[in-house]
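Down below is the structure, laid out as structure tokens.
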Amino acid sequence: MAEPACPDEARLRAIFDQVEAHLERRYGIPVVITDVVAPFTGDRDGREIQIDHDQDVASAVFVLIHVFGHTVQWNLSARAREIGTVAQQQPTPELLEELRAGLAHFYATGEKAPFFSFWRRATPLLNPLPIPPFTPTRWTSRWSGTVV
């Protein structure tokens, strides 16, 4: 079996369009392409997702799915919202552990790696988990924190 290649631009556009339509139809969360304050590439407020207009399609797909994940997570967990909406400056080792290893590099260095730098060939597919029921509730904006 051949290793899957990175999706091409046409496939990524189709994925973006499918996900955007699903989020709007199923969850009532509009996706808006707009200017997002640099250095951020996307934003959320609990009821709306914004994607920076200057993103390539691969980054836009990643940001859309990533920010939707935070929308669900932060509508379900006040603690996750609390630690995720505060720009962390020199976090303690305990807080880094709470933020989990996936965010440690960003919080420790401030470096945000390009989306496809995380692409790994021949990696087993993840088993999807069901999205838990949640009610989109407006709770915050970019100005009060950070989404990596």
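Explain nothing, just the number: relative contact order of the chain, from Cα pairs under 8 Å at least 6 residues apart, as a whole percent.
29 percent
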Overall dimensions of the stretch 1-72 by Cα: Rg and Dmax, Å
12.8, 43
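Using only Cα atoms, figure out Rg for the chain and give it as a multiple of 2.2 N^0.38 Å. Each step should come with its number before you reach the end.
Details: Rg = 15.8 Å, N = 148, 2.2 N^0.38 = 14.7 Å.
Dividing the Cα Rg of the chain by 2.2 N^0.38 Å gives 1.08.
Counting other C-beta atoms within 10 Å, which of Leu126, Leu99 has the fewest, and how do the rest follow?
Details: Leu126 6, Leu99 18.
Exposure proxy ranking, most exposed first: Leu126, Leu99.
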When you count, for each residue, the other Cβ atoms within 10 Å and take the mean per peptide, how do 67-78, 18-29 rank with the highest first?
67-78, 18-29
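R0 = 30 Å: FRET efficiency of Asp56 with His22, Cβ-based, nearest 0.05? Walk me through the intermediate numbers first.
Numbers: r = 21 Å, r/R0 = 0.72.
Approximately 0.90, to the nearest 0.05.
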Whole Å is fine, so just give me how far the alpha carbon centre of the stretch 44-79 lies from that of the stretch 14-37.
9 Å
Would you grab the residues whose amide H sits under 5 Å from the one on Arg44? Only those 5+ places off in sequence or on another chain, please, with H modelled 1.01 Å from N.
Gln50, Arg142
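Throughout, read-outs are computed from the coordinates displayed, never taken from laboratory work. Quick caveat: nothing in here was measured; it's all calculated off a predicted structure. Note: ideal-geometry Cβ built from the backbone for every residue, glycine included; neighbour counts use all protein chains shown.
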